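The values are calculated or read from the model by the stated rules, or taken from the named source; none is laboratory data. In this text the structure is predicted, and so the values were computed from the model without any measurement. No Cβ is skipped: glycine too gets one built from the backbone with ideal geometry, and neighbour counts run over all protein chains shown. Side chains are part of the model used for accessible areas, which takes the heavy atoms of the whole protein and leaves out ligands, DNA and RNA. Shrake-Rupley method; radii C 1.70, N 1.55, O 1.52, S 1.80 Å.
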Amino acid sequence: MSLFTGSGTALVTPFNESGVDFAAFERLLDYQLKNSASALFVLGTTGEPATMTEKEREEVIKFAVKFAGGKLPVIIGSGSNCTRIAVENSKRAEALGADGLLVVTPYYNKCTQKGLIEHYRSVCEGVGIPVIAYNVPTRTKVNIDPETAAKLCELKNMAALKEASGDIDQLQAVAAAIEGGMDLYIGDDSLTTIAVCLGAKGVISVAANVIPSVMAKLCKLCFEGKFDKARELQFKLIPLMSALFCEVNPIPVKKALEIIGLGCGVPRLPLTEMEPEHAEKLKAALVSLGLDKKGATL
């Protein structure tokens, strides 16, 4: 049930005073299609779904699915800390044409590992399209242990795990636990080269909003076994990666999109605009790499 190989973009949701800025969203989607993105992730963490209305989320899903037109898989974030709502969200996304689902672990409730398995079982049994479990314990305070990840492989429609703990030991243990059972994607841009070396099929990338062709190239170098060149490129990206995560995502990436001329508005409260000194650091990182223009590559 593999969904994609390479760099999938964890898309921002553009906002303006009226709501979702669909003109900006169209420009962003077109930019992705023309610059080697392998998949489009809509309403994930980077898309700020928690601050959107149900109507807005549905409109965004419909728009992305229609625009992609089958050229790239569209994978919808449908998770919730309420299992019933996660199932409902997932069914709705499937009905609206999603190719797959990204389902974050239940947050705030802090369920047990058994609870995680039953949560994902309910979602997987409720739909007929591939599901990607999303592990991001720095936000949810719940971690998918490697032993639990192995058990998730047995679930119907469970296609992959997005590992975004930022912990290299966790990444390695999970990669070993699920090898051959389901796909692995890294959710931390800075660990892309390491993750692919450990068997990941690619990255679900925040940076790819801004540099989709660069992230695609990084994955391609790894898949071709050119790890010396991949390492060189990964090292070049360190200043940009640092700047893109110096404040909580998606604050910096929205500022970066503004800098390269793909303005997608500002985040919704409680997230705020990027602090000026951080914005200068981000711009300097883009300029130093020659990436301060749309479609720039390395």
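General remarks:
- Restricting region 102-152 to trypsin sites (Lys or Arg not before Pro) in coil, as DSSP defines it, with at most 15 other Cβ within 10 Å: Lys110, Lys141
- Per residue value of the accessible surface for region 215-298 (all protein chains in place, 1.4 Å probe), Å²: 50 Å²
- Mean shadow area of region 164-221, taken as a quarter of the surface of its Cα convex hull (nm²): 3.7 nm²
- Potential extension, Glu147-Thr112 segment - 0.36 nm per residue separation minus Cα distance: 11.3 nm
- Across the accessible surface of region 1-61, with the other protein chains kept in place and a 1.4 Å probe, carbon and sulfur atoms take up 45 percent.
- Theoretical gain in end-to-end length, Glu280 to Arg231 [0.36 nm per residue, Cα-Cα removed]: 15.0 nm
- Residues whose amide H falls under 5 Å from that of Ser36, counting only those 5 or more places apart or on a different chain, are absent, with hydrogens built in the peptide plane.
- Expected 222 nm ellipticity per residue - DSSP helices of 4 or more, -39500 (n - 2.57), all of the chain, to 500: -13500 deg cm²/dmol
- With θ taken as phi - 60° and the Karplus curve 6.51 cos²θ - 1.76 cosθ + 1.60 applied, the whole-hertz 3J(HN,Hα) list for region 96-113 is 8, x, 4, 8, x, 10, 10, 10, 6, 4, x, 9, 6, 5, 6, 6, 7, 4 Hz, x standing for glycine and proline.
- With contacts taken as Cα pairs under 8 Å and at least 6 residues apart, region 51-154 reaches a relative contact order of 25 percent.
- Per residue accessible area of region 123-181, 1.4 Å probe, in Å²: 40 Å²
- Highest-MSF residue in the chain out of Pro239, Pro270, Pro106 [GNM, Cα springs under 10 Å]: Pro270
- Solvent accessible area, Å² - Cys222, 1.4 Å probe, full protein context: 10 Å²
- Computed over the alpha-carbon atoms, region 179-298 gives an Rg to Rh ratio of 1.00, Rh here being the Kirkwood radius from the mean inverse distance.
- Accessible surface, region 1-114, averaged per residue in Å² (probe 1.4 Å): 43 Å²
- Cut-off 15 Å between beta-carbons: net charge of the residues surrounding Glu277, Lys and Arg +1, Asp and Glu -1: -1
- Computed over neighbours whose Cβ is under 12 Å from that of Cys246, the net charge equals -2, Lys and Arg +1, Asp and Glu -1.
- Loop GluC sites (Glu not before Pro), region 213-298, which have at most 16 other Cβ atoms in a 10 Å radius of their Cβ (DSSP): Glu224, Glu273
- Among Arg57, Arg84, the sequence by solvent-accessible area, most first, with a 1.4 Å probe is Arg84, Arg57.
- Fraction of accessible area attributable to carbon and sulfur, region 199-298 (%, probe 1.4 Å): 58 percent
- With the whole protein complex present, Glu275 retains an accessible surface near 90 Å², based on a 1.4 Å probe.
- Exceeding the 30 Å Cα-Cα cut-off - candidates Lys34/Lys229; Lys217/Lys281; Lys34/Lys281; Lys34/Lys141; Lys162/Lys255: Lys34/Lys141
- With R₀ fixed at 30 Å, the C-beta to C-beta distance from Leu298 to Leu33 puts the FRET efficiency at about 0.90.
- Largest accessible area first, the listed residues Leu102, Leu96 line up as Leu96, Leu102 when surface is computed with a 1.4 Å probe on the assembled protein chains.
- About the centre of its Cα atoms, the chain shows a dipole size close to 440 debye [charges on the beta carbon of Lys, Arg (+1) and Asp, Glu (-1) only; nearest 20 debye].
- Derived scalar couplings ³J(HN,Hα) [region 211-224; Karplus, 6.51 cos²θ - 1.76 cosθ + 1.60; whole Hz; x for Gly, Pro]: 10, x, 5, 5, 5, 5, 5, 4, 5, 4, 4, 5, 5, 7
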